[in-house]
Each structure stands twice: as C-alpha cells, then as structure tokens.
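Report on one structure; see the data block that follows.
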Amino acid sequence: MVAAGLEHGIDPAVVLAGTDLVAADLERPAALVATWMEARVAGNLAGSVADPAAVGLRLGSRFHLSTYGVAGLALLSSPSLQAAMQFAKTYAPLMPALCQIRQSLRSGRATVEIDGSRLMDEARPLLLARDLSATLLAVREVIGSQLHLTSLDVSFNVTDLEIWQSTFGIAPRRGASRTAYTFACPWSTDPLPQSDTHVCESATAECHELLSARRASNTVANRVLDRLWSAAPDLPGIRELAAALLTTERTLRRRLAEEGTSFRKLSDHVRFSIAIDLLESGGASVQQVAGHLRYGDTSAFTHAFRRWAGVSPRAFRRGQS
C-alpha cells in the first residue's frame, strides 16, 4: 500500500500516519504489522486517492501465492481445488485478506464472498476490491489457468468499469447486497497441476505450527486493540465490542483485568496515539483534533489529554517545536 501511495505521489508518512510505523520498518523481513495498522494504512491510502476501489484492484493483483509464504506453497500443492479452499478456510489467519472470506461449493459451482462489514467505512471499498482481486488471482494460480466468472456482485460504488472488466473478465453488478463472485467448477475434486502430497503435508504442518503460535500470542487485549484501531476515530463502547467478540461485557472486563489492563486504558491508548500523531503533524488545531476524536468540546479533550500526558495539548505541541 505504501508503494501504491508512492505511485500516486503520496508520501509514505501520510500513508503510515497513526500506526507508529516508518517506511524503514517495512524493509525488515522479520517485521510484524498488526491488523489494525494495516487497516489504518488502508484508510489513509483510500482517503488520499480519487478511486479507492480501483487502487484496491491493482493491489490485489500483486498478491501472488509466492507472497503468502508457506501457506502459498500448501495451496499450490493441494490435491484439488476443493482441498485448497478448505485449507484457506482453516488457515484464514495466515492469509493476507483483512476482509472475511466466505466460500462454498455446491452442484459444481463455487461462490466466494468478501465481507468487509467489520472494517472502517473509509477503508472498506479499497479492501473489498483488494481482497476480491487477490482471491481470484489465488484461485487462478492454484488451478494453473484462466477462470471465467459467471457472476460478479459488488456492494460499493464502482466508477472505472474498464479496470473491473479487464481484471475479472466480466462487468460487475453494482449496488448488490454483497460483494462476491461465482464460477462453474465441476472439476473441483480433480487433481491440480502442481499437486504434491508430500509437499502439501509438510507445508500444512508448518502452517499449523505458525497458527498455533499466533493464537498463543493473541491476547484479549490485542484483539480489543485491533477492533478499536479498525473503528477509530469512532470507537465502539465496551458492550458493542464485547458483542463483536462474541462474549459478554462482564466477561470481557474480567479477561482484560486478568491481563492487567482495562477497556478504558485501551481506549485511552488509541485516542492518545491518534492525538499525538495529529498534534505532532502540526496540520490540525487543538479544536480540530478534539473534533476528530469525537469530543463534544475542546475542554473535554484538553482535560483527557492532561490525564494522559500530564500537560495540555498546546503545551505538548510547544514542546515539540
């Protein structure tokens, strides 16, 4: 996404704003980028280009299976398309998509649905288009040939029909209730061109270890932070967030307390980080920062900022100059 921004003349600092990342961090092979950071970057990029969906399509076309790591190897060496789709479902956290991917195989027809309902509004069209394009590219590379769609539905505004036609080989049905595509695949259980049982089993075992390690480090606090950052600046309340995590408010409070934190601390961390980023950039007034963070008035924001930083927003900005 940073590279796409550069192609549109957008400084990397603008695309990475609010993430604590700098361009040099992305050059480190071992660097880990949290989900909320990627969602924030997508929102920044979407807000800086004229046609976010078209940019998303081009981004998705760069997601070759070689960029998936060992998960890509497992997909390529799967015994059949049906097996590859099941692998993608089981190991979804190892895939590059930020949207939820739903897939089904019925009566020789496959449907792939891209659900971006949990994403912040400004990033949704870009990420829906990106993941739509990326999943289709993955299927094409797995089967080793072109794929002809029978339908393509999009739930967001599409302006550049030419790029959609060239990417999918079919015009999208705009204004649909969902974002999805379908294709005929009576051959879904046939052997794939690069099928290799030994390679697939070895790659799948490694993916299992990676997924287990990721789940072990996936604390409740980190999951809450991911949700808060994805929704920022319109942070959800604890009741809404608990429902999104399929738990109760009481249980969420208890789990966070067990990890030595609280919902208020995590919410304050997100607001403080955004405030610092805006104040340091120098482009927004204190009143504008307060409005961006959805405070009813500047005094309420100033009071909260004093609690976080020990100084007022104006004093903090003077100290940075």
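The values are calculated or read from the model by the stated rules, or taken from the named source; none is laboratory data. Bear in mind the structure is a predicted one, so any value in this text is a computation, not a measurement. Backbone-built Cβ (ideal geometry, glycine too); neighbour counts: all protein chains shown.
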Going by the conditions given, is Asp226 assigned to a loop (DSSP other than H, G, I, E, B), within 24 Å of Gly43 (Cβ to Cβ) and of a type in the set (Asp, Glu)? no
What number of residues in the stretch 126-170 are outside any helix (DSSP H, G or I), under 20 Å from Ala110 (Cβ atoms) and of a type in the set (A, V, I, L, M)? 5
Any chance the stretch 114-123 includes a residue that's at pLDDT 95 or above, surrounded by fewer than 21 Cβ atoms within 10 Å (Cβ to Cβ) and not β-branched (Val, Ile, Thr)? no
Given the options Leu26, Leu75, Leu16, name the one that is at pLDDT 95 or above and touching a helix residue (DSSP H, G or I) at 6+ places or on another chain (Cβ under 7 Å). Leu75
Evaluate the following for Val22: is it under 25 Å from Phe156 (Cβ atoms) and without any contact (Cβ under 8 Å) to a residue 60 or more places away in the chain? no
Before we move on, is Ala31 buried (at least 17 other Cβ atoms within 10 Å of the Cβ) and either assigned to a loop (DSSP other than H, G, I, E, B) or free of Cβ contacts under 8 Å to residues at least 60 places away in the same chain (or both)? no
Flagged in the stretch 18-36 as in contact with an Asp or Glu (Cβ under 6 Å, 6 or more places away or on another chain) and not polar (S, T, N, Q), in numbering order, are Gly18, Ala31, Trp36
Sole residue being at pLDDT below 90 and either surrounded by fewer than 15 Cβ atoms within 10 Å (Cβ to Cβ) or not hydrophobic (A, V, I, L, M, F, W, C) (or both), chosen from Arg239, Arg178, Arg174, Arg223: Arg223
I'd like the full set of residues that are touching a Leu at 6+ places or on another chain (Cβ under 8 Å) and surrounded by 23 or more Cβ atoms within 10 Å (Cβ to Cβ), limited to the stretch 61-76. Ala71, Leu75, Leu76
So for the stretch 58-67 (the condition being more than 30 Å from Cys200 (Cβ to Cβ) and assigned by TED's automatic domain parsing to the domain that holds Gln165), does at least one residue qualify? yes
Which ones in the stretch 124-145 are over 15 Å from Phe168 (Cα atoms) and surrounded by 22 or more Cβ atoms within 10 Å (Cβ to Cβ)? Arg124, Pro125, Leu126, Leu127, Val142
Can you run down the residue pairs with Cβ atoms below 8 Å, 6 or more apart or on separate chains, where the first is in the stretch 296-321 and loosely packed, with under 15 Cβ neighbours inside 10 Å and the partner is aliphatic (A, V, I, L, M) and in a helix (DSSP H, G or I)? Asp297/Ala290; Ala300/Ala290; Arg314/Val286; Gln320/Leu279
Identity of the residue in the stretch 278-288, closer than 13 Å to Phe305 by Cα and modelled with pLDDT of 90 or more, that ends up surrounded by the fewest Cβ atoms within 10 Å (Cβ to Cβ): Gln287
Tell me, which residue of the stretch 124-146 that is touching a Gly at 6+ places or on another chain (Cβ under 9 Å) and over 21 Å from Ala92 (Cβ atoms) is modelled with the lowest pLDDT? Gln146
